[in-house]
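Working notes, beginning with the structure itself.
The values are calculated or read from the model by the stated rules, or taken from the named source; none is laboratory data. All figures in this text were calculated on a predicted structure; none of them were measured in a lab. Every residue, glycine among them, receives a Cβ derived from its backbone with ideal geometry; neighbour counts consider all protein chains shown. Side chains included, ligands, DNA and RNA excluded: accessible areas come from the protein's heavy atoms. Shrake-Rupley method; radii C 1.70, N 1.55, O 1.52, S 1.80 Å.
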Amino acid sequence: MRYRTLGGTGMEVSSHCLGTMMFGSEGNPDHEDSIRIIHAALDSGINFVDTADMYSAGESEEIVGAALKGRRDDVILATKGHFPLDDDNVRNRRGNSRRWITRAVEDSLRRLDTDWIDLYQVHRPDHTTDLEETLWVLSDLVSAGKIRAFGCSAFPAEELVEAYHVSERRGYGRFRTNQPVYSMIARGIERTILPVCHRLGMGVLTYSPLAFGFLSGKIRKDQPIDLSTGRAAMFPARFDPSLPGNAAKYDAVEQLIKVADDLGVTLPELALAFVTSHPAVTSVISGPRTMDQLTGLLKAADLTLDDGTLDRIDEIVPPGTDLYQAVWAADPPSLTDISQRRRHPSDR
């Protein structure tokens, strides 16, 4: 297992991070089994665990907290907040305001049964709250000892730069990390986000290295796919082979499988090794649901790709190319708010 410094914080984290989205009612409901998987990951050399308050409505954090009993000092623990946990009452119980982040951090500390969070991340941008407000409260939480460092998830490059300048101007702490989608078939962040993170000295924790299952090796061209279960049921338009936009993904998968076969590894191993080869990436988040899935993912920690292999991947999916749009990548207000796209009729 390789270890890298996390965004200038001085904390050393494993190049593979255990994601815990699949622990709890939305994935593996067996708490004891989930705890065994977490322990196996820690025993393998992983010292970095990422969760979020929204994963199974807080249940994932509770499982992680139970698993880290007696091992907390040896683990860099990250969690996230932003989304509401109760769909019936979301007013002032979501977003990146001082009011909600303060509450969310306290709730996460309780569920995780810990006195501190090593890395607290705002899970998504919030265009109703000034970045200054968000950075202010996060800085105060560091001063209070509740969190050690803070970062963000799925922030576009321009907001990373804006946040950096707000921190410099106001003397607040900085976002130390960003958590974007990155895989062999979703390489759009190579254009601006990864270079900006690298330039600003931010750590990068990428997620969905298997492209929401597309790079699992189980989804193949000209083979039937059940659109009624699993990820395919959640996002059928992403997997439906009859849709023209999916043809390029299926073609790329077949070519990438050939690359993996030539190396004598699985497609998931190739996918994980590809992500960690980028100089701006600190750690890749993998979210296993079973022990077998964890075992398969850990094999990638021993795999290093040579230039010839990376060149072949570049030929299949050119650098900076997205073969699909990540589900989180909602259009910004500049596109969705008509008043930001069109002058008032009287001013045209």
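Structure data summary
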{"read-out": "The stretch 1-101: Rg to Rh, with Rh as the Kirkwood radius over Cα pairs", "value": "1.01"}
{"read-out": "Percent accessible area from carbon and sulfur atoms, the chain, protein chains only, probe 1.4 Å", "value": "48"}
{"read-out": "Cα centre as origin, Lys/Arg/Asp/Glu Cβ charges: the stretch 208-288 dipole, Debye", "value": "200"}
{"read-out": "Charged-residue dipole, Cβ positions (Lys, Arg, Asp, Glu), the stretch 91-159 about Cα centre, Debye nearest 20", "value": "400"}
{"read-out": "Other-chain or far-sequence residues with amide H under 5 Å of Gly173's (modelled H)", "value": "Ser139"}
{"read-out": "Heavy atoms of Tyr207 accessible to a 1.4 Å probe, total area in Å² rounded to 10", "value": "40"}
{"read-out": "Exposure rank, largest accessible area first [Trp136, Trp116, Trp100; 1.4 Å]", "value": "Trp136, Trp116, Trp100"}
{"read-out": "Charged-residue dipole, Cβ positions (Lys, Arg, Asp, Glu), the stretch 231-348 about Cα centre, Debye nearest 20", "value": "780"}
{"read-out": "Karplus-derived 3J(HN,Hα), 6.51/-1.76/1.60, for each residue of the stretch 257-271, Hz, glycine and proline x", "value": "4, 4, 4, 4, 4, 5, 8, x, 10, 7, 4, x, 4, 4, 4"}
{"read-out": "GNM top mover of Gly171, Gly24, Gly58 - the chain, alpha-carbon springs below 10 Å", "value": "Gly171"}
{"read-out": "Of all DSSP beta bridges in the chain, antiparallel share, percent nearest 5", "value": "15"}
